[in-house]
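Below: one structure, written as C-alpha cells.
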Amino acid sequence: MPNKYARKLAAKLAPDPAAFLAALEAGKSARPAVLWLGESVESPFESLPPPPWQPAFVEAMADGERPGRNPLHDQGAYYCLDLSSVFEASALCGLPSGGTVVDVCAAPGGKTIFAHRALAPERLIANEVIGKRLGPLTGNLRRCQVPAETRCADPSVLATELAGQARVVLVDAPCSGQSLLARGQDNPGAFHPVNVNSCANRQKRILAESVGLLAPGGFLLYSTCTYATEENEEVVAWLLSRFPELMAQELPSHAAHRSPHASFPSYRLWPDEGRGFGAGGFVALLQLSGIQKCV
Ligand code: SAM
C-alpha cells in the first residue's frame, strides 16, 4: 500500500489518483523498449504501435517479449531501456546533429546511446561522477560500439574544462526515483519530503554547473524518473529564474503530456497512462539564447 506521502502526491498531482496509486502498488508498469543501433537487422520482436514521440529507431515491446535475453543484445544490435526513458530522451529528436554533446549523468548509458543515435555528434562525452558506475557505462558503450569519451568528474570540473563548448547537454538527474515503485522495485523514502528536497537541491547544483557547458544557442535536456513537482517543474522554474537567458522549448511530439503544473513547456508521463508507456518520468528542454556556431 503506497504510504501517506505517495497518497498526498497522488491527490495533489495525478490526473487519476486511484489509477496512479494502483500502478505503484502493482509495480508492473515497466515497458521494455529497444533502441536499434544499426539499420540492417530485422527485428525478431512483436512490438506496439509507436506514440508520436517515439523515434523510428526505437521499438516498444509487446507484453511477454524479453529482449535482454536475445543473442542480438549481447552482439550490440540494440540497447534495452524503459519506454518512459525514450519519452524523456526523444526531446532530443529534431535538434541539430553533429557538434559536441555532453551527458553529465551518464551511467549506465541509455541517454548517451540515445544521443549518439539521434544526434550523431562529432564529440560525445559520457560523464559519471560515481566511480563504481563507470564499469557498466563503459561496458554498455563498448557493447553498442558508441564512440564516446568517458569521464568521472564532478559537474563543476566539467563546467570549467568544457565551458561554452557543448551544442547539447544532458542532465538525466539523480532523483528520488519514485517511478521505481511502478517498476516493482523497492525504494523506501522515495516520497519523503526530506529526500525529495535533498534531491531537488542536488539537481539545482548539477543544472547550474551544466549551463556553463552550453555554447550560445545550445540545448539543455533535463529529465528525471520521478513525479514530485519539487523536483521537475520547480527545479526548472528555479533554473529559469537564475538564468534568464534560458528558454523552455515546446515539444510538439509531447504535447499530449504537457505538464499542467508549470507555466512553461515541460512534460510528464504517469505510469497509468495510455496502453502502458512505462513507469513514468519528466522532461524539459531548455535553449540558451545566442546564435549557434559550429561547435
Ligand atoms: N542517464 C542514465 C541513463 O540513461 O542510463 C541514467 C542516469 S541516473 C538517472 C543519474 C546518474 O547521476 C547516476 O548514474 C548517478 O550516479 C549520477 N549522479 C549522482 N550524483 C551526482 C552528482 N552530484 N553529479 C552528477 N551526477 C550524479
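Annotation: per residue accessible area for the chain equals 42 Å², rounded to a whole number [probe 1.4 Å, protein chains only]. In this model, which of K12/K204; K4/K28; K28/K204; K4/K132 are farther than 25 Å apart at the alpha-carbon? Beyond 25 Å between Cα atoms: K28/K204; K4/K132.
Would you be so kind as to identify which of G164, P44, A200 lies farthest towards the positive end of the dipole of the chain, taking Lys and Arg as +1 and Asp and Glu as -1 on Cβ and the Cα centre as origin? Of the listed residues, the answer is A200. Ranking C152, G278, A22 by Cα position along the charge dipole of the chain, where only Lys, Arg, Asp and Glu carry charges on their C-beta atoms, puts C152 farthest toward the positive end. Applying the criteria of a DSSP loop state and at most 16 other Cβ atoms within 10 Å to the chymotrypsin sites (Phe, Trp or Tyr not before Pro) of region 77-180 yields no site.
The modelled label-to-label distance between E250 and D63, using points 7 Å beyond Cα along the C-beta direction, is 3.8 nm.
As a fraction of the 1.4 Å probe accessible area of the chain, surface on carbon and sulfur atoms comes out at 53 percent. The listed peptides 214-222, 275-283, 257-265, ordered by packing as a protection proxy, come out as 275-283, 214-222, 257-265 (highest mean of other Cβ atoms within 10 Å first). For the peptides 60-66, 267-273, the ranking by mean Cβ contacts within 10 Å, running from highest to lowest, is 267-273, 60-66. Which number do you get for Rg(Cα) / (2.2 N^0.38 Å) in region 86-156? Expressed relative to 2.2 N^0.38 Å, the Cα Rg reads 1.03.
Charge dipole (Cα centre; +1 on Lys/Arg Cβ, -1 on Asp/Glu Cβ; no other charges) of the chain amounts to roughly 460 debye. Equivalent ellipsoid of the chain: semi-axes from √(5λ) of the C-alpha gyration tensor, largest first, are 27, 25, 18 Å. Approximating the spin labels as points 7 Å out from Cα along Cα→Cβ, the N3-to-H261 distance works out to 1.8 nm. Helical runs assigned H by DSSP (4 residues or longer) give the chain a calculated mean residue ellipticity at 222 nm of -8500 deg cm²/dmol, each run adding -39500 (n - 2.57) before division by the residue total. Take the Cα coordinates of region 1-132, assign each an equal point scatterer, and use the Debye formula without solvent to give log10 I(q)/I(0) at q = 0.10, 0.14 Å⁻¹. For the requested q values the scattering log ratios are -0.43, -0.78.
For region 161-216, taking the reciprocal of the average inverse distance between every pair of different Cα atoms yields a Kirkwood hydrodynamic radius of 12.9 Å.
The values are calculated or read from the model by the stated rules, or taken from the named source; none is laboratory data. The structure displayed is predicted, hence computed values, not measured ones. Positions of Cβ are generated from backbone atoms using ideal geometry, with glycine treated the same way; all protein chains shown enter the neighbour counts. Surface areas here come from the heavy atoms of the whole protein model, side chains and all, with no ligands, DNA or RNA. Shrake-Rupley method; radii C 1.70, N 1.55, O 1.52, S 1.80 Å.
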